[in-house]
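Here you go, one structure.
The values are calculated or read from the model by the stated rules, or taken from the named source; none is laboratory data. No experiment lies behind these values; they were computed from the predicted model shown. Cβ coordinates were reconstructed from backbone atoms using ideal geometry, including for glycine residues, and neighbour counts include every protein chain displayed. Side chains are part of the model used for accessible areas, which takes the heavy atoms of the whole protein and leaves out ligands, DNA and RNA. Shrake-Rupley method; radii C 1.70, N 1.55, O 1.52, S 1.80 Å.
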Amino acid sequence: MTKSKGINTICTHTGELEDKEYKGAISPLYMSTSYAFEDVETKRYPRYFNTPNQVALTKKMAALEHGEDALIFGSGMAAVSTALMAFLKAGDHVVFQDSLYGGTSNLVTEEFDKFGIEYSFAEDAKPNSLKKEIRDNTKVIYIETPSNPLLKITDINAVAKIAREHGLVSMIDNTFASPVNQNPIDFGIDVVIHSATKYMGGHSDILAGTVISTKSNIERIFNMAKNFGGNLSDYTVWLLERSLKTMGLRVRAQNDNALKLAEFLNGLDAVSKVYYPGLKDHPDHELAKQQMKGFGGMLSFELKESLNASDFMKALELIKPSMSLAGVESTILLPSETSHGLLSPDEREKQGIKDNLMRFSVGIEETEDLMDDISQALQKLLKK
Ligand SMILES: *Cc1c(COP(=O)(O)O)cnc(C)c1O
């Protein structure tokens, strides 16, 4: 076997298409929706997920996540929904951990009843809590780690083991970690899902998703995907390949910035709590060290009671309010008013999401400048 390449080499080169005619440095873009008929097996068509640019990018995705094959989708939710539906039918049951991405919870609670698919949400993300929910008709177990917005860590290895013991397909939403920081297939997970809108795209200008697994699982997901029609346009596939070339560099810079900012915030009198798996006092720090190569670019924090989080966010100059995350630019939001605004105050309380909790997506700006921005915003608040 040849030695597998390091992350930045995979990001830059794996799967690239050769420009045979002009010897250009980057993959040529093929926008055709119509190709000459070769044979029944290789009918090329964008919705069959088999155009040259799609196939090239799946090779990079598979290499990044140590899988055999991959599919590229038009959004993270197209990837989540198609992967789940490919392994579930009426009468089946699926177990989810708590605190999932909001779009995923909506998919389950708004759509699954219509298809006769049963589901349970475990009371937390602990392996034993997930195990307790398994029934005779359970087919899939689904986790997401680190979680949004409290950065709780699920034990990937333990969940994969439970899935194997019960003959279930294990799935993970690996978006928050990115393939740079966490490779769940190495811990025995069957299906890895990403919203490529986040760290993979990285510049807040691409909406996409991907699923990585074994050849046979990907074939099963493809058989449903071609009917649901959630492929990504080839132009955006090509842009995503370009974005991925710098993912390793970007995410490592974001890891470094986030750790320094978490420590900085932790040391401020105005800040009452910081949630970041890279901090030694994070309850899941040891687990994070076992399964992550870096702790990621996402952190959350609370100001002390006397300070108003909305006023603080308005006083920031460099760090911008934003609903999405994982771009090269630092952004911040209040989950209680945005991503988790539809939950009742009781439900938020139960999940541990305080009204003044801020979720901070750390970018690649100079660390000093981000610290200065936080300091000047706090100064303004204290003067009020
Ligand atoms: C954004 C996100 C999704 C959904 O992705 P879209 O590209 O918006 O469809 C799924 N999971 C997580 C963790 C996300 O952050």
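Check off (1) surrounded by 15 or more Cβ atoms within 10 Å (Cβ to Cβ); (2) outside the structural domain of Tyr48 (by TED's automatic domain parsing) for Asp281 and give me the number that stays unchecked.
Answer for Asp281: the failing condition is (1).
Tally the residues that are within 12 Å of the ligand (Cβ to nearest atom) and not hydrophobic (A, V, I, L, M, F, W, C), restricting the search to the stretch 54-96.
Total satisfying the criteria: 5.
Okay, moving on. Looking only at residues that are surrounded by fewer than 17 Cβ atoms within 10 Å (Cβ to Cβ) and over 26 Å from the mean Cα position of the chain (by Cα) in the stretch 285-314, which one is nearest to Leu249 (Cα to Cα)?
Lys314
Okay, moving on. Could you please give the count of residues in the stretch 26-53 that are open to solvent by 70 Å² or more (accessible area, probe 1.4 Å) and under 26 Å from the mean Cα position of the chain (by Cα)? So that I can check it myself, show each step before the final result.
Taking the stretch 26-53 and keeping what is open to solvent by 70 Å² or more (accessible area, probe 1.4 Å), we get 26, 30-31, 33-34, 36-38, 40-41, 43-45, 47.
Pick out the ones that are also under 26 Å from the mean Cα position of the chain (by Cα) and you get 47.
Summing the residues that are open to solvent by 70 Å² or more (accessible area, probe 1.4 Å) and under 26 Å from the mean Cα position of the chain (by Cα) in the stretch 26-53 gives 1.
Any chance you could count how many residues in the stretch 346-364 are under 20 Å from Ala262 (Cα atoms) and open to solvent by 40 Å² or more (accessible area, probe 1.4 Å)?
Adding up the residues that qualify gives 3.
Here is a follow-up. Quick check: is even one residue across the stretch 31-51 outside any loop (DSSP other than H, G, I, E, B), more than 17 Å from Arg242 (Cα to Cα), of a type outside the set (Lys, Arg) and modelled with pLDDT under 95?
no
Could you check the stretch 54-75 and list, in sequence order, the residues that are open to solvent by 10 Å² or more (accessible area, probe 1.4 Å) and either within 22 Å of Ser324 (Cβ to Cβ) or in contact with a Leu (Cβ under 6 Å, 6 or more places away or on another chain) (or both)?
Gly74, Ser75
Also: Could you run through the stretch 303-346 and say how many residues are in a helix (DSSP H, G or I) and either at positive phi or aliphatic (A, V, I, L, M) (or both)?
Here the count works out to 3.
Which one is nearest to His340 (Cα to Cα), of the residues in the stretch 101-126 that are within 15 Å of the ligand (Cβ to nearest atom) and open to solvent by less than 10 Å² (accessible area, probe 1.4 Å)?
Step by step, filter the stretch 101-126, then rank; the result is Thr104.
Within the stretch 190-210, which residues are free of Cβ contacts under 8 Å to residues at least 40 places away in the same chain and farther than 17 Å from Cys11 by Cβ?
Hits for the stretch 190-210 are Asp190, Asp205.
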